[in-house]
Amino acid sequence: MGEPGTKELLSLEELEASVSGRSGRKHIVSILVENKPGVLTRISGLFARRGFNIDTLVVGPTDDERFSRITLTLDGSNHPIDQVTKQLHKLVNVLKIRDLEPADTVARELAMFKLAADGPARAEILQIADIFRGRVVDVTRRSVIVELAGTADKIAAFERMVRPFGLVEMSRTGEIAISRGRGET
Amino acid sequence: MRAVDAVMECLKAEGVDVVFGYPGGANLPTYDAFYDSDIKHVLVRHEAGGGHAAEGYAKATGKVGVCFATSGPGATNIVTPLTDAMMDSVPVVFFTGQVRTDLLGTDGFQEADTFGITMPIVKHSFMIQHPTEIPRVIHEAFHIARTGRPGPVLIDMPTDLTRVEIDYEPVGDVRLPGYQPTTDGNQKQIRLAAKALANARRPIFYTGGGVISAGASAELTELVRADRFPITSTIMGLGAYPAPDPQWVGWLGMHGTRTANYAMDEADLIVAVGARFDDRVTGKLSEFAPRAKFVHIDVDPAEISKNVPAHIPIVGDAKNVLARLLTEYRAQAADPSRLDAWWERIDGWRTQHPLRYEDSTDSEIKPQYLIEALYEATKGECVVASDVGQHQMWAAQYYHFDHPRRWINSGGLGTMGFGLPAGMGAAVGNPDLTTLVVSGDASIQMNAQELATCAEYGIPVKVFILNNGYLGMVRQWQELFWDRRYSHVDPGRWPDFVKLAEAYGVAGFRFEDKTTLVEDIRRAIATPGPVMVDVRVTREENTYPMIAPGAAARDMVG
């Protein structure tokens, strides 16, 4: 491949082929951090520096008020994440980081769907919500809001089912995750 | 006491005797505290000069350098030295003033988001939230800067928070739950490395700046001499192993020796210590050292297997690991004669490909000759601070360093303008040794204002400008790789450097004659106080040998 500094031209294919180390799977990264200003920027900055796109990002408190947990997901088929995990470890405010194996992990997401529910559609929507163990949390004459928790796949499936009825809008939290078994995440 | 007086107390407690800085509106309270403090403050002429001076001080002494700047433009002016310190792992604590808290985020006068701007270029940073946390933050900053893989730490202090009375109590301990660098190497891995060394037939040590940071020169030298191991280093690692020496094969990489690069190419075992396989070292990565297994010793786990997969990774402090590796290696009782054939090969390269240049036959000064003359005139007993470009490569090639912390350059970031202020900092930190600054006609002008600082404080740096009237390294690349289309590398008109020196109150000389050069250099160096010498050298001289960009190490040219 051509080198910076020389006049050799690069082709777009060469540029794309030069990225290696992709894992090909989705990654759920759980990061335990000190609850201090700027921590989130430092972490997201490490991803941004390499041009990585974070798919979801959740920050919340833990059982110890000094620490927060950040759960983020990204697609390993787009980005090699090994090096970025090591760099995350170097941040002074980061205590622990786990690249969770999907098989050993319980991951859940919360979503709310606002659906147009006029006339006969309403009953059908409620039925689908019931099958997905969703809950109706708001009803007006022309709409319902359904709250649904579950895996990202389940939420995507529900979205596909209800979209034809008129999906006004949807809000998703992004996944949180915890490892299976007795050990700490 | 006032929070700013507590800052002075903390600096004293950290053993700081000198700082470099520049006052402004947002750090007025701090500068009021300097008025009564015993800490020596060197007033630089530009904050970038202050940052590089703190780096030079840190590199020459091994202590943490300290730099003060005000908010806004003061803070943005230290962005380059901060990045430089980050790339070369230099322990420096930067204190920046900040607008008062009620103005934060309002585009107040001289406000910049210093904390945000500098986030990717610091080892860590703090924004003071409450005056009482100032002492603890300062001690944490020094601790982070000097331990593990050293690096720059920034403390941003809103001006109102520094004007508060606080109860100051000395801070005895530092607790950082997320920061616990591994310094003890794994014993099993160390034993594996010793075995690999004992079995290797073509081993080589490849060391970097990490050995110097760790203060591990003695341990390295002893281990390398425990057998007849060949050793090369990066340009950052010069002086960790004393050169010249029969086992030293020169430094490696783009402008390193052929011997070092060929030995890496044919080695069966490479022991990397405190080095990071930079692209300027490896050349074409896929063809780098294709026959070698790698032992990689580094205090920073993120460096291991970053560019080249390590077969035996050892995370730990080089001083700790090398000492234990020596013990383990001796226990192996390896047969030194297994290296005979390897040395025959290496000696063959050495004889065939020494560093060389075509010297002039008249009075013209070749830049390489100037460096040789500097070495001869000083017997190598100097600290050499370099700027960035061709002169940097020649200085590294033809001046030899037999002690650590004698060679100070900007390796990772390649910052033009680094040399003079860094040399100034080194001279302040190390007054017993002569400090040379090797610069170029372009580099020197990127921080020439620090000549005034040198004159005011009598900092006796001896600056030698390799003046070829070109941005030499860029010109070389345009000549070799861009069909000699010399685009904007001939500045046409430079200042008269002798007059410039004199205008700043610095002794100025101009040397143009090779035949008297060594004596002229002695005379310049013997001149008391700071000196700047304009040395007219060959205009179009290339730095060789060279690994062309994208080429493999074995295909060196020139």
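Just the residues that are open to solvent by less than 80 Å² (accessible area, probe 1.4 Å), over 30 Å from B:L326 (Cα atoms) and either away from chain A (no Cβ under 14 Å) or among the aliphatic types (A, V, I, L, M) (or both), please, taken from the range B:168-194. Listed by number, the residues that qualify are B:Y168, B:V171, B:D173, B:V174, B:L176. If B:V463 satisfies all but one of (1) in contact with a His (Cβ under 6 Å, 6 or more places away or on another chain); (2) farther than 20 Å from B:L238 by Cα, what's the number of the condition it fails? Of the numbered conditions (1) in contact with a His (Cβ under 6 Å, 6 or more places away or on another chain); (2) farther than 20 Å from B:L238 by Cα, the odd one out for B:V463 is (1). Scanning the range B:308-342 for residues that are within 32 Å of the chain's Cα centre (by Cα) and exposed (fewer than 15 other Cβ atoms within 10 Å of the Cβ) yields B:P309, B:T327. Within the range B:288-307, the residues that satisfy the criterion of being more than 13 Å from chain A (Cβ to nearest Cβ), among the aliphatic types (A, V, I, L, M) and part of a loop (DSSP other than H, G, I, E, B) are B:A289, B:A292. Examine the range B:505-519 for a residue that is in the same structural domain as B:M393 (by TED's automatic domain parsing), among the acidic types (D, E) and open to solvent by less than 20 Å² (accessible area, probe 1.4 Å), and state whether such a residue exists. The answer is no; no qualifying residue exists.
Considering only residues of the range B:106-141 that are surrounded by 20 or more Cβ atoms within 10 Å (Cβ to Cβ) and away from chain A (no Cβ under 13 Å), which is nearest to B:V321 (Cα to Cα)? Among them, the one singled out is B:I138. Looking only at the range A:22-50, residues that are within 14 Å of another protein chain (Cβ to nearest Cβ) and not in a loop (DSSP other than H, G, I, E, B) come to 15 in all.
Residue-level check: of (1) open to solvent by 10 Å² or more (accessible area, probe 1.4 Å); (2) in a helix (DSSP H, G or I), B:A53 misses just (1). Within the range B:429-447, the set of residues being surrounded by 24 or more Cβ atoms within 10 Å (Cβ to Cβ) and over 22 Å from B:R539 (Cα atoms) comprises B:G429, B:T435, B:L436, B:N447. Which of the residues belonging to the range B:286-310 are without any contact (Cβ under 8 Å) to a residue 24 or more places away in the chain, more than 20 Å from B:M236 (Cα to Cα) and not small (G, A, S)? Selection gives B:P309 alone. Of the residues in the range B:269-277, at least one is under 14 Å from B:S233 (Cα atoms), open to solvent by 30 Å² or more (accessible area, probe 1.4 Å) and either in contact (Cβ under 8 Å) with a residue 12 or more places away in the chain or away from chain A (no Cβ under 14 Å) (or both).
Any residue in the range B:379-386 that is outside any helix (DSSP H, G or I), of a type in the set (S, T, Y) and in contact (Cβ under 8 Å) with a residue 40 or more places away in the chain? Yes; the residues of the range B:379-386 include at least one that is outside any helix (DSSP H, G or I), of a type in the set (S, T, Y) and in contact (Cβ under 8 Å) with a residue 40 or more places away in the chain.
Close Cβ contacts (under 7 Å, 6 or more residues apart or on different chains) running from residues in the range B:542-553 that are facing chain A (nearest Cβ under 9 Å) to residues that are among the basic types (K, R) comprise B:G550/B:K284; B:A551/B:K284.
Restricting the search to the range A:131-149, which residues are in contact with a helix residue (DSSP H, G or I) (Cβ under 8 Å, 6 or more places away or on another chain) and in contact (Cβ under 8 Å) with a residue 12 or more places away in the chain? Reasoning before the result, please.
Residues of the range A:131-149 in contact with a helix residue (DSSP H, G or I) (Cβ under 8 Å, 6 or more places away or on another chain): A:132, A:134-136, A:144, A:146, A:148.
Hits for the range A:131-149 are A:F132, A:G134, A:R135, A:V144, A:V146, A:L148.
Residues in the range B:171-199 that are part of a helix (DSSP H, G or I) and β-branched (V, I, T): B:I190 only.
Of the residues making up the range A:66-82, just one is over 17 Å from the mean Cα position of the chain (by Cα) and touching a residue at least 40 places away in the same chain (Cβ under 8 Å), namely A:D82. Determine if the range B:145-162 includes at least one residue that is closer than 19 Å to B:E14 by Cβ, more than 10 Å from every other protein chain (Cβ to nearest Cβ), outside any loop (DSSP other than H, G, I, E, B) and in contact with a Cys (Cβ under 9 Å, 6 or more places away or on another chain). Within the range B:145-162 (the criterion being closer than 19 Å to B:E14 by Cβ, more than 10 Å from every other protein chain (Cβ to nearest Cβ), outside any loop (DSSP other than H, G, I, E, B) and in contact with a Cys (Cβ under 9 Å, 6 or more places away or on another chain)), the answer is no, since none of the residues qualifies.
What about B:H46, is it closer than 25 Å to B:V388 by Cβ, touching a residue at least 40 places away in the same chain (Cβ under 8 Å), open to solvent by 20 Å² or more (accessible area, probe 1.4 Å) and in the same structural domain as B:G74 (by TED's automatic domain parsing)?
yes
The values are calculated or read from the model by the stated rules, or taken from the named source; none is laboratory data. What you are looking at is a predicted structure, and each value in this text was computed from that prediction instead of being measured. A quick note on method: Cβ atoms are made from the backbone with ideal geometry, for glycine too, and the neighbour counts reach across all protein chains shown. The area values use the complete protein model at the heavy-atom level, side chains included, leaving out ligands, DNA and RNA. Shrake-Rupley method; radii C 1.70, N 1.55, O 1.52, S 1.80 Å.
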